[in-house]
């Protein structure tokens, strides 16, 4: 069982972990020990996550969201299997917490009259400077 916050608690059947050999340096350890972890969370079928949070989670997950509705998190940062497992679980919890925060609705505003006038004046000044850089007539 994985606790995200007071309302959301993930059950064990929703999470599956698969261990594989990590890439990169590590000597013989990297060839023998399966330390990298792939954490799979069945988000679409999860009863503990509300629909709005699922939709935001899908947007935040990006490529990590599969066609079946699962969220896959991989971790091979350390040489310890247990540490990689904890890091992957922490990433999942952090991602779900971000999805629980409802984004503020943007309110469209008009620029003020003064700001419009300042912008136009600055454009005229800049145009005049560029105009003075032109060729000089032989008068």
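The values are calculated or read from the model by the stated rules, or taken from the named source; none is laboratory data. Just so we're clear, the structure is a prediction, and the values are computed from it rather than from any experiment. In this analysis, Cβ positions are derived from the backbone assuming ideal geometry, glycine residues included, and neighbour counts consider all displayed protein chains.
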Inset, instruction - Return the residue satisfying two criteria in turn: it lies in region 58-74 and is out of contact with any strand residue (DSSP E or B) (no Cβ under 8 Å at 6 or more places or on another chain), in contact (Cβ under 8 Å) with a residue 24 or more places away in the chain and not in a helix (DSSP H, G or I), and of such residues it is surrounded by the most Cβ atoms within 10 Å (Cβ to Cβ). - result: 69
Inset, instruction - Report whether or not residue 83 is assigned to a helix (DSSP H, G or I) and either modelled with pLDDT of 85 or more or farther than 24 Å from residue 3 by Cβ (or both). - result: yes
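Given the criteria surrounded by 14 or more Cβ atoms within 10 Å (Cβ to Cβ) and at pLDDT 90 or above, does residue 96 qualify?
The answer is no for residue 96.
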Inset, instruction - Given the conditions (1) closer than 19 Å to residue 8 by Cα; (2) outside any loop (DSSP other than H, G, I, E, B); (3) at pLDDT below 90, report the number of the one that residue 102 does not fulfil. - result: (2)
Inset, instruction - Could you check, for region 12-29, whether at least one of its residues is within 23 Å of the chain's Cα centre (by Cα), under 21 Å from residue 100 (Cα atoms), without any contact (Cβ under 8 Å) to a residue 24 or more places away in the chain and loosely packed, with under 14 Cβ neighbours inside 10 Å? - result: no
Legend entry - Among the candidates 108, 122, 43, residue that is under 23 Å from residue 13 (Cα atoms) and either outside any strand (DSSP E or B) or modelled with pLDDT of 90 or more (or both): 43
Inset, instruction - Filter region 75-86 for residues that are more than 20 Å from residue 96 (Cβ to Cβ) and touching a residue at least 12 places away in the same chain (Cβ under 8 Å) and give the result. - result: 76, 78, 79, 80, 81
